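Read through the structure below, which is laid out as structure tokens, and then see the notes.
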Amino acid sequence: MFTRKLRIAALVAASLFGMSAQATDITGAGSSFVYPVLSKWSATYAEKTGNKLNYQSVGSGAGIAQIKEGTIDFGASDAPMSAEDLAKFGLGQFPAVVGGIVPIVNLQGVAAGQLKLDGALLADIYLGKIARWSDPRIAALNPGVKIPDVKVTVVHRSDGSGTSFNFTNYLSKVSPEWASKVKFGTAVEWPAGVGGKGNEGVSQYVRQIPGSIGYVEYAYAKKNAISYTQLQNAAGKWIEPSAVTFAAAASTADWKSAKDFNLIMTNAPGDQAWPITATTWIIMYKKSKNASHTKVAFDFFKWSMENGQSQAASLDYVALPDTLVKQIEAYWAAEYKN
Amino acid sequence: MHATVSSNAPTTARAEEAARNARDTRNDRLFGGLLKTCALIVLVSLVGAAASTLWLGRDAFATFGWGFLTSSAWDPTNNQYGALVPVMGTVTTALIALIFAVPVSFGIALFLTEIAPNWLRGPVSSAIELLAGIPSIIYGMWGLFIFAPFVATYIKPWLMNNLSADPPDGKISWLVQHVPFIAKFFSSEYPFFGAGVLTAGLVLAIMIIPFISSVMREVFQTVPTRLKESAYALGSSTWEVVWDIVVPYTRTAVIGGIFLGLGRALGETMAVAFVLGNTFKFTPSILETGSSIASTIANQFGEAEGLQKSALMAIAFLLFVVTFIVLTIARLMLRRLASKEGS
């Protein structure tokens, strides 16, 4: 009798203990680009470990501001922080997941993936220098493709976004004129065209304007069956957007010589690399402000890199290639001290 | 003893009365203070909000000075900002909205109070109130997916054919040839694209109609039946009763209702962000794309830093200023009307 009571008490105590030890809720904030995959990962992760992840997709700028203030356990940003900024606040950063950005067009009779554009031409289109689709430069890249002779209308994002950041970064890498006039950022002064709010705004505008060209996240273009283009990459090869070509960009980008992974991987050198591939950086304190939370956060990202590939793929993101995961784990071991 | 009792009774009664009076005075004062606090909260929060946008926008005002008001630049990578295009866009879309919303709301309110049969009044009034409760993002999505394509297929080509210098059908109309400058207001770089200043104004008009018409309906009901019946008895038509009795009787409240709608149109964010096209090019044309203050803030605030954030706060402060100016003009108009009536 007595022993049974004791046993029950022990069980209750153990379960209580177990629960309190497990129920660590970590919070993060920032980029909306990673929000879908983070929320899917965190649901599975919570089922496995009981630790919940609360992520607010408030925008990269706000994410960085909040981690600087130390109100969250990690920030997520579509643009890397500079080495000086990281050092100043005692922060470290590493990439979490990879995705692609694709140009989309509304040209009657041109199928998805049929139209070919190279970087310089894409930049000139966005600079407003190509007036009609019958331009000889477009025809020269697309022999045999029947392109309607309509006016070119450029569509860009009106809201500040990581998508715009990576797209304009690519254009400044391939066009000196873009680099000197417009530069790159989450929002820029667009030389031409109209602005749609969010992926849905851009894709709706592209659907509504014959002869328009825009850019959206690959997952969005694929889900909504919008006609995307091929691009010529840095190696001179014609590439179609896909998980394979995004992964190729992530693994051929020169991460080794980039301190704190401070590298924007657009225009990556690999033969198979899709030129506008993007990642989101996770930003955390090198010297933890809350050891138990930091431990769970690291455990979560480690778990996601090792087990999250299929879930990422179902959302048309690409998990990080193995070589990069190894580098990140080495970076953790070297830089983060708990 | 008898004397003491009789002299005491009124004294205690009087003392009680005095105590009650004192209590009442104190309670009245407390109640008055409470009410004053309620009213002051509005004033304090208004001044606080305006002051904090001014404070957070100080960098932008200090950097660009008066040029901030006249510059049409909005260049985050080179940190050059100007408020001209957003301010213009805000005022133009709100004015277009008023031009369409006021007559329609007037018609709705008159129909409901003067003409509609009783069984119809209830359902239509509830429908209008429901319309006022629809969140603005719904209007934005509707505008983006349905109304903008409609404008692009039907309204915009017609306007451009008749009023612009580069019509899609190639024939420049008589009006454009003979009226100077008119073509400037109806030109468009994207003839097949529905989003723009006019579209945003029309969506705003639909959004503010419920506000204006329900205020108008309420105040039209306050007109004494005696006055209306007398006018009818003297042989007035319905229109004459409305124009000479109902409208003068309710003028102040009607204008108040219109300005309630205007306030909403000036500050509307999501619906406008979806159908305005979000460009920062200065143009007088209502068929071109543009930007408004609220849509610019909604678009860029999430990722803005440093001077860009400050510029966004600065235009937020300008929205206060614009609204304040508009309301002051309204007050002056009302005062002038009142003094005319007096003379």
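Every number here is computed from the coordinates shown, using simple stated rules; none is lab data. Please read these numbers as outputs of a predicted model, since none were measured by experiment. In this analysis, Cβ positions are derived from the backbone assuming ideal geometry, glycine residues included, and neighbour counts consider all displayed protein chains.
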Label zone at A:Gln56 (point 7 Å along Cα-to-Cβ), backbone N below 20 Å, segment B:300-334 | B:300-306, B:309-310, B:313
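Around A:Ser77, under 13 Å between beta carbons, what's the net of Lys plus Arg minus Asp minus Glu among the other residues?
Values: positive: A:Lys68; negative: A:Asp78, A:Asp85, A:Asp260, B:Glu303, B:Glu305.
The answer is -4.
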For peptide A:148-160, the mean count of other chain Cβ atoms within 10 Å per residue Cβ is 4
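Given only helices, namely DSSP H runs of n ≥ 4 each adding -39500 (n - 2.57), what is the per-residue ellipticity at 222 nm of chain B, to the nearest 500 deg cm²/dmol? Spell out each step's value before the answer.
Values: 15 runs with 237 residues, N = 343.
Theoretical 222 nm ellipticity from helices: -23000 deg cm²/dmol.
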Taking neighbour counts of Cβ atoms within 10 Å as a proxy for exposure, in what order, fewest first, do A:Thr44, B:Thr37, A:Thr294, B:Thr289 appear?
-> B:Thr37, A:Thr44, A:Thr294, B:Thr289
Residues B:Thr93, A:Thr280, A:Thr323 arranged by fewest to most Cβ contacts within 10 Å | A:Thr323, A:Thr280, B:Thr93
Checked chain A with the C-alpha gyration tensor, a ≥ b ≥ c its square-rooted eigenvalues, rounded below a/c of 1.5, otherwise prolate if a/b is larger than b/c and oblate if not; verdict prolate
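Counting other Cβ atoms within 10 Å of each Cβ, which chymotrypsin sites (Phe, Trp or Tyr not before Pro) in segment B:122-215 have at most 15 and sit in a DSSP loop? Could the numbers behind the result be given before it?
Numbers: sites: B:Tyr139, B:Trp142, B:Phe145, B:Phe147, B:Phe150, B:Tyr154, B:Trp158, B:Trp174, B:Phe181, B:Phe185, B:Phe186, B:Phe192, B:Phe193, B:Phe211; in loops: B:Phe181, B:Phe192, B:Phe193.
Here the chymotrypsin sites (Phe, Trp or Tyr not before Pro) that fit, given the DSSP loop and packing criteria, are B:Phe181.
Give the Rg/Rh ratio for the protein assembly as shown, taking Rg as the radius of gyration of the Cα atoms and Rh as the Kirkwood radius, to two decimals. Could the numbers behind the result be given before it?
Numbers: Rg = 32.2 Å, Rh = 29.4 Å.
That ratio is 1.09, to two decimals.
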Hull volume per residue for segment A:119-162, using the convex hull of the C-alpha atoms, in Å³ is 95
For peptide A:284-291, compute the average count of partner chain beta-carbon atoms within 10 Å of each residue's beta-carbon.
-> 0
So what's the net charge close to B:Leu131: Lys and Arg +1, Asp and Glu -1, counting the other residues with Cβ under 15 Å from its Cβ?
-> 0
The distance between the Cα centres of segment B:111-135 and segment B:36-82, in whole Å, is 40
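Which shape class, rounded, prolate or oblate, goes with segment A:281-338 when its Cα gyration tensor gives a ≥ b ≥ c as root eigenvalues, a/c under 1.5 marks rounded, and past that a/b bigger than b/c marks prolate?
In terms of gyration-tensor shape, prolate.
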Between the helical axis of A:35-49 and the dominant principal axis of chain A, each derived from Cα atoms, what acute angle in degrees is found, rounded to the nearest 10?
-> 20
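Between A:Leu141 and A:Trp303, what's the calculated FRET efficiency when r is the beta-carbon distance and R0 is 56 Å? Round to 0.05. Show your work: numbers first, answer last.
Numbers: r = 44 Å, r/R0 = 0.79.
Taking R0 as 56 Å, the efficiency between A:Leu141 and A:Trp303 is 0.80.
Could you give the DSSP H helices of chain B that reach 24 angstrom or more along their long axis (alpha carbon positions) and whose average Kyte-Doolittle hydropathy is no lower than 1.0? Working shown, then result.
Numbers: long enough: B:2-56 (79 Å, 0.21); B:84-110 (39 Å, 2.13); B:197-220 (32 Å, 1.95); B:247-267 (30 Å, 0.95); B:306-342 (54 Å, 1.23).
Helices passing the filter in chain B: B:84-110, B:197-220, B:306-342.
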Gyration tensor on Cα atoms of segment A:91-246, a ≥ b ≥ c root eigenvalues, a/c under 1.5 rounded, else prolate if a/b beats b/c, else oblate, says rounded
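Can you give the FRET efficiency for A:Gln311 and B:Ile155, using 1/(1 + (r/R0)^6), R0 = 45 Å, r = Cβ-Cβ distance, to the nearest 0.05? Please report the intermediate quantities before stating the final value.
Values: r = 46 Å, r/R0 = 1.02.
Efficiency computed from Cβ-Cβ geometry: 0.45.
Holding the Cα-Cα limit at 20 Å, pick out from B:Lys171/B:Lys281; A:Lys48/A:Lys326; A:Lys295/A:Lys337; A:Lys129/A:Lys183 the pairs that are longer than that.
Values: B:Lys171/B:Lys281 27 Å; A:Lys48/A:Lys326 24 Å; A:Lys295/A:Lys337 11 Å; A:Lys129/A:Lys183 17 Å.
Flagged as over cut-off: B:Lys171/B:Lys281; A:Lys48/A:Lys326.
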Within 10 Å of each residue's Cβ, count the other Cβ atoms and sort B:Val326, A:Val318, A:Val152 from fewest upward.
-> B:Val326, A:Val152, A:Val318
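GluC sites (Glu not before Pro) within segment B:255-343: which are DSSP loop residues with at most 16 other Cβ atoms inside 10 Å?
Numbers: sites: B:Glu268, B:Glu288, B:Glu303, B:Glu305, B:Glu341; in loops: B:Glu268, B:Glu288, B:Glu305.
Here the GluC sites (Glu not before Pro) that fit, given the DSSP loop and packing criteria, are B:Glu305.
What dipole magnitude, in Debye to the nearest 20, does segment A:48-196 give about its Cα centre under +1 on Lys/Arg Cβ and -1 on Asp/Glu Cβ?
That gives a dipole near 320 debye.
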Averaged over residues of A:192-200, the number of beta carbons from other chains lying within 10 Å of each residue's Cβ is 6
Segment A:302-322 and segment B:208-270: distance between their alpha carbon centers, rounded to Å = 62
Enumerate the residues in segment A:304-330 having an amide nitrogen under 12 Å from the point lying 7 Å beyond the Cα of A:Ala225 toward its Cβ.
-> none
Where the centroid of each part is defined by its Cα atoms, how far is segment A:95-116 from segment B:141-199 in Å?
-> 31
Total formal charge among the other residues, if their Cβ is under 10 angstrom from that of B:Thr238, Lys/Arg +1 and Asp/Glu -1 = -1
